[in-house]
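Below is one structure, written out as structure tokens; comments come after it.
The values are calculated or read from the model by the stated rules, or taken from the named source; none is laboratory data. Since we're looking at a predicted model, the values are computed, not measured. Positions of Cβ are generated from backbone atoms using ideal geometry, with glycine treated the same way; all protein chains shown enter the neighbour counts. Surface areas here come from the heavy atoms of the whole protein model, side chains and all, with no ligands, DNA or RNA. Shrake-Rupley method; radii C 1.70, N 1.55, O 1.52, S 1.80 Å.
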Amino acid sequence: MGSRWPVLAADLEVDARRIPGLAAAQAPGFAWLDGGPGGRGLVAAWPDLEIEADDLGALSEIEARWRARPELPWIGWLTYEVGADALRGRAGPRGRLPGLCFRRYPAALEIGPGGVIGRGEAGAVDRLRAHLEAARPIERARWPLDALTPTDDFAAYRQRFDRVLAAIRAGDTYQINLSHVLEARWTATPPGSPAALARAAAAIYADLRGRAPAPMGALLDAGGAWILSNSPETLIDVRLGDVAGGRDLARAWPIKGTRPRSDDPDEDRRRAAELLGSAKDRAEHLMIVDLLRNDLGRLAAPGSVAAPRIPELVALPTVHHLVSEVRCALSPGWSLAALIDAVFPGGSITGAPKRRTIELIAAIEDHARGIYCGAILALGPGGLRASIPIRTAILDRSGLSLCSGGGLVADSDPEDEWRETLVKARAFAGG
């Protein structure tokens, strides 16, 4: 999360299996922002303050409290709808979670290569460390859910796909991210208590990260439900004072362009090369990079927005992606509310132009996205970081539910796009 956090427990060693064990023990407000292999994550529980709202107006209070006591970490989420509604200027259907939820923690542990660092108040760090050391390690167990199944068939998806292409051909938009819902029910009797659900969520996430670790993964207690995120995508990362002259650095890594991985090494390399050489995927990717350059430009110091001309290939356990880094120096006096207003929801999971495309998504999709394509955020003294929760599920007594989608342009093929959405959700199919 940043090198300027105070070091309180740098000598602590943690068995990573104990982290979901802390969730299984029903630690209130449990949050694990999982940095994936080689990354640094953040673990917290027992918040001393929680702020919930159904609009973005609460961001001003959260920022004031964060800047007044920057040593205390904050972790929270925004649903897709709370951002889309702000852009559209009117409220639409909402999912099961509050649109905004932020929790302040007296302590957190930053965990990754090089050891563990305590954040916050020394006594609270010691208590959190003791609870984590006492947590039972979570081992992989039998997958407790049935097969992940789309709630609509391909014919229903095709109808919405055709409406998207009609909007593109009419000139209303250039690209739309279209999603649909998949669900998996409990194989046996559903968890009958919050404690049983917490244990199931911890075990499922431990299995998920063991098979398909992600650099922006997360496991969050959402009060009667759990958020399980397998996301590779960053919405925004702000490092305070990291630019010459003491200015603040903002970076984002938009993802656009996908190919499924193959177990055959030669075929896998062929698919990666195909993605890198695809003019269609390159054009879609550059369209979203330009959108993000424009978004960041609203808060950037003049002339500081930069992005590479050629995207990089990133290979994840189930897919290859095209990724670019877009960066800028923020102008003095930026606020958290203004930053979220500029970049949220992310362009890679809406389309271009953003405002009109969000209106079309609301008209064409028949479900609330909820945490999917929203944001999961952490605030600290070194800055802030937010993911875009793609590959992200909600787990409750009904089972597991998630959305999966992809960007559509004028020459998209419906069968190819449908298959891509199923590949993206593959990590949640069990193993």
Please verify whether the stretch 97-107 includes one or more residues that are in a strand (DSSP E or B) and modelled with pLDDT under 95. no
Selection from the stretch 42-60 of residues that are open to solvent by 10 Å² or more (accessible area, probe 1.4 Å), within 21 Å of A222 (Cα to Cα) and not β-branched (V, I, T): W46, P47, D48, L49, E50, E52, A53, D54, D55, L56, G57, A58
For the stretch 213-221, indicate whether the set of residues that are farther than 30 Å from A300 by Cβ, open to solvent by less than 10 Å² (accessible area, probe 1.4 Å) and in contact (Cβ under 8 Å) with a residue 60 or more places away in the chain is non-empty. yes
Please state which of the following conditions A203 fails to meet, knowing it meets all the rest: (1) open to solvent by 20 Å² or more (accessible area, probe 1.4 Å); (2) over 20 Å from A141 (Cβ atoms); (3) touching a residue at least 60 places away in the same chain (Cβ under 8 Å); (4) among the small types (G, A, S). (2)
Any residue that is outside any helix (DSSP H, G or I) and closer than 30 Å to A156 by Cβ - is there at least one of those in the stretch 292-300? no
Only one residue in L400, L395 is touching a Leu at 6+ places or on another chain (Cβ under 7 Å), buried (at least 24 other Cβ atoms within 10 Å of the Cβ) and over 19 Å from G99 (Cα atoms), so which one is that? L400
Just for the stretch 130-145: of the residues that are over 29 Å from G380 (Cα atoms) and open to solvent by 70 Å² or more (accessible area, probe 1.4 Å), which one is modelled with the lowest pLDDT? R140
Selected residue (criterion: farthest from W226 (Cα to Cα)) from residues of the stretch 186-200 that are in contact with a helix residue (DSSP H, G or I) (Cβ under 9 Å, 6 or more places away or on another chain) and open to solvent by less than 30 Å² (accessible area, probe 1.4 Å): W186
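Condition check ((1) part of a strand (DSSP E or B); (2) crowded, with 18+ Cβ neighbours inside 10 Å; (3) of a type outside the set (G, A, S)) across all residues:
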{"position": "R270", "(1), (2), (3)": "no, no, yes"}
{"position": "E284", "(1), (2), (3)": "no, yes, yes"}
{"position": "G303", "(1), (2), (3)": "no, no, no"}
{"position": "H321", "(1), (2), (3)": "yes, yes, yes"}
Of the conditions (1) among the aromatic types (F, W, Y); (2) under 29 Å from P317 (Cβ atoms); (3) open to solvent by 20 Å² or more (accessible area, probe 1.4 Å), Y174 clears all except one; give me its number. (2)
Could you please let me know if S262 is within 30 Å of W418 (Cβ to Cβ) and assigned to a strand (DSSP E or B)? no
Those residues of the stretch 16-32 which are open to solvent by 50 Å² or more (accessible area, probe 1.4 Å) and either within 12 Å of R129 (Cα to Cα) or out of contact with any helix residue (DSSP H, G or I) (no Cβ under 8 Å at 6 or more places or on another chain) (or both) amount to R18, P28
Check I390 against each of (1) touching an Asp or Glu at 6+ places or on another chain (Cβ under 9 Å); (2) open to solvent by 10 Å² or more (accessible area, probe 1.4 Å); (3) modelled with pLDDT under 95 and name the one condition it does not meet. (3)
Single match in R127, R67, R96 (criterion: without any contact (Cβ under 8 Å) to a residue 12 or more places away in the chain and either open to solvent by 20 Å² or more (accessible area, probe 1.4 Å) or at negative phi (or both)): R67
Over the stretch 127-151, the set of residues in contact with a Gly (Cβ under 8 Å, 6 or more places away or on another chain) and among the acidic types (D, E) is D146
